[in-house]
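Q: Structure incoming, see below.
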Amino acid sequence: MDKLQQLSAPLGRLLLSVIFIFAGIGKITDYATTQGYMESVGVPGMLLPLVIAFEVLGGIAVLLGYKARLIAFLFAGFSIVSAILFHQFWTDESQMISFMKNISIAGGFLMIFAHGAGAYSIDNKR
């Protein structure tokens with residue numbers, strides 16, 4: 001069981017981080033559309049470079065288990081705020097799945113915040 005628990009930490013970090021790494025890269029490749037979408041819900045488009053940097057660099061940090069508790073805490077907040085701003089299921093029922101996805105991701109990040117990066121991480125090597 002110990003080996004399975006050791007492997008679950010890096011696998012969990014991979015599964016949580018990959019969505020943000022790819023989303024950040026996607027925002028780069030479709031910058032104008034993403035900026036317009038942000039502005040359509042009242043988020044200043046000038047924040048997009050910060051969002052991209054946070055998603056890509058933060059995603060890589062979580063993947064590697066570097067400063068995992070801090071980054072996980074920030075990603076949990078980011079996921080909750082994103083759910084509320086961009087997936088308003090109370091006005092559009094089709095947004096419920098996306099809203100719940102973000103809330104679930106926040107829960108996963110809170111687990112990293114509570115328990116640390118686990119095995120095979122930069123944080124654990126120190």
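The values are calculated or read from the model by the stated rules, or taken from the named source; none is laboratory data. The shown structure was predicted, so the numbers you read here are calculated from the model rather than taken from an experiment. Glycine also receives a Cβ, built like all others from the backbone with ideal geometry; neighbour counts cover every protein chain displayed. Accessible surface areas use protein heavy atoms only, side chains included; no ligands, DNA or RNA. Shrake-Rupley method; radii C 1.70, N 1.55, O 1.52, S 1.80 Å.
Q: For segment 58-103, which positions are within 20 Å of Asn124 (Cβ to Cβ) and not small (Gly, Ala, Ser)?
A: If the condition is that a residue be within 20 Å of Asn124 (Cβ to Cβ) and not small (Gly, Ala, Ser), then Ile60, Val62, Leu63, Leu64, Tyr66, Lys67, Arg69, Leu70, Ile71, Phe73, Leu74, Phe75 are the ones that fit.
Q: I'd like to know if segment 61-68 contains one or more residues that are assigned to a helix (DSSP H, G or I), within 27 Å of Asp2 (Cβ to Cβ), small (Gly, Ala, Ser) and open to solvent by 40 Å² or more (accessible area, probe 1.4 Å).
A: Checked against the condition, which is being assigned to a helix (DSSP H, G or I), within 27 Å of Asp2 (Cβ to Cβ), small (Gly, Ala, Ser) and open to solvent by 40 Å² or more (accessible area, probe 1.4 Å), segment 61-68 yields no hits at all.
Q: Report the residue count in segment 73-117 for those that are among the charged types (D, E, K, R) and not in a loop (DSSP other than H, G, I, E, B).
A: Adding up the residues that qualify gives 2.
Here is a yes/no grid of residues against (1) out of contact with any strand residue (DSSP E or B) (no Cβ under 6 Å at 6 or more places or on another chain); (2) modelled with pLDDT of 95 or more; (3) surrounded by 18 or more Cβ atoms within 10 Å (Cβ to Cβ):
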position: Ala72; (1), (2), (3): yes, yes, yes
position: Gly77; (1), (2), (3): yes, yes, no
position: Phe89; (1), (2), (3): yes, no, no
position: Asp92; (1), (2), (3): yes, no, no
position: Ile105; (1), (2), (3): yes, yes, yes
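Matching residues to (1) closer than 12 Å to Ser17 by Cα; (2) aliphatic (A, V, I, L, M):
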position	(1), (2)
Glu39	no, no
Val43	no, yes
Leu50	no, yes
Ala72	yes, yes
Gly77	no, no
Val81	no, yes
Ile97	no, yes
Gly108	yes, no
His115	no, no
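Q: How many of the residues in segment 107-126 are within 19 Å of Gly77 (Cα to Cα), open to solvent by 50 Å² or more (accessible area, probe 1.4 Å) and either in contact (Cβ under 8 Å) with a residue 12 or more places away in the chain or among the aliphatic types (A, V, I, L, M) (or both)?
A: Looking only at that region, the number is 4.
Q: For segment 1-26, what are the residues that are closer than 14 Å to Ile52 by Cα and either touching an Asp or Glu at 6+ places or on another chain (Cβ under 7 Å) or of a type in the set (A, V, I, L, M) (or both)?
A: Correct list: Val18, Ile19, Phe20, Ile21, Ala23, Gly24, Ile25.
Q: Is it the case that some residue within segment 10-23 is in a helix (DSSP H, G or I), among the hydrophobic types (A, V, I, L, M, F, W, C), touching a Phe, Trp or Tyr at 6+ places or on another chain (Cβ under 8 Å) and crowded, with 18+ Cβ neighbours inside 10 Å?
A: yes
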